[in-house]
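**Student:** Here it is, the structure in full.
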Amino acid sequence: VVFPGCVVSYRFPKQVIKLFQLLVYLGADPGRIMVDDELCCGSFLRQIDGEMLHDNGKFLFSKYLRQDGTTLVITACGSCTATLRESKEYLEANHQFQERHGDPSRLTIMHYLDFLSKPAILKQLSGSLHEAANGKQVYLQFPCQAEGNLKERKIQQAGLEKLLAMLGYEPVKPKSDLTCCGSNLLDTHPDFAIEFGINRFKNITNIFKDGEGTIALGCGNCHRLLSDFKTSIEIEQDESDIQNLDTHFLLDLLVDTLGR
């Protein structure tokens, strides 16, 4: 199941196609891929109405459990990943739901960055990605809501840095974790989100030589915040330093290279 999330589906619809193309490239049967790009994970309900969140989860999971065997649900948004995992945990303890629709443990919720960082996937991609070094530094904006424990995150980041190196980039790391992009502030505190974004870009700029580099975004929410506010910050704050930063969805960098 390809579950890109509503932010990606409506704001960046081409990413849905590219995620589908990537899975097919990696050997998935197109006829076995369900693209669910019209529904919301229900993340906005987490702080509003827990019962409605559970109902939304029941609807989604009952739909996916109609598939035979074990099903992998690939997401493109950190918020979707966290919310679907929360719904799955709730439904695994709901015996009435299981009697009607099946066992939710048959479903694996995985952010596509986690999927890409798997050794077997990296090995498969390494046979196709031999891009010459382009001299560009890249910072990976890892979706905080999609991470597992610290050990898992380090493994994922190491794998993704190998992938970025295959794409010709030089991965760079900050001295300390820059954590969340601040996207959760957009709907509740937009003014504070702008200030957060200004500081975020300044912190990222400081880790690049000469302040020039690429931000590889792996999450729909991160993409929405850092891409949308980059232009606003440049206009309103005259932050000339951030004009030297490029923002790209990691999926774009990968699929566009594979297509050449």
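Nothing in this text is a laboratory measurement; each read-out follows from the coordinates by a stated rule. Remember, predicted model here, so these are calculated numbers, not experimental data. Here the Cβ is made from the backbone with ideal geometry for all residues, glycine too, and neighbour counts use every protein chain on show.
**Student:** Under a Cβ-Cβ cut-off of 14 Å, what is the net charge of the residues other than K14 that fall near it, where Lys and Arg count +1 and Asp and Glu count -1?
**Tutor:** Around K14, the surrounding residues sum to -1.
**Student:** Could you list, bin by bin from short to long, the percent of Cα-Cα pairs of the range 2-112 in 10 Å steps?
**Tutor:** 14, 47, 32, 7, 0
**Student:** Could you compute Rg(Cα) / (2.2 N^0.38 Å) for the range 63-217, with N its residue count?
**Tutor:** Cα Rg divided by the expected 2.2 N^0.38 Å: 1.25.
**Student:** Follow-up question, since we're still on this one. For the chain, how big is Rg over Rh, using alpha carbon atoms and the Kirkwood form of Rh?
**Tutor:** Result: Rg/Rh = 0.98.
**Student:** Taking 37 °C and 0.692 mPa s as the conditions, I'd like the Stokes-Einstein D for the range 61-128 in µm²/s, using the Kirkwood hydrodynamic radius from alpha carbon pairs.
**Tutor:** Roughly 248 µm²/s, to the nearest whole number.
**Student:** Here is a follow-up. In percent, what relative contact order does the chain have, based on Cα pairs under 8 Å that are 6 or more apart in sequence?
**Tutor:** 19 percent
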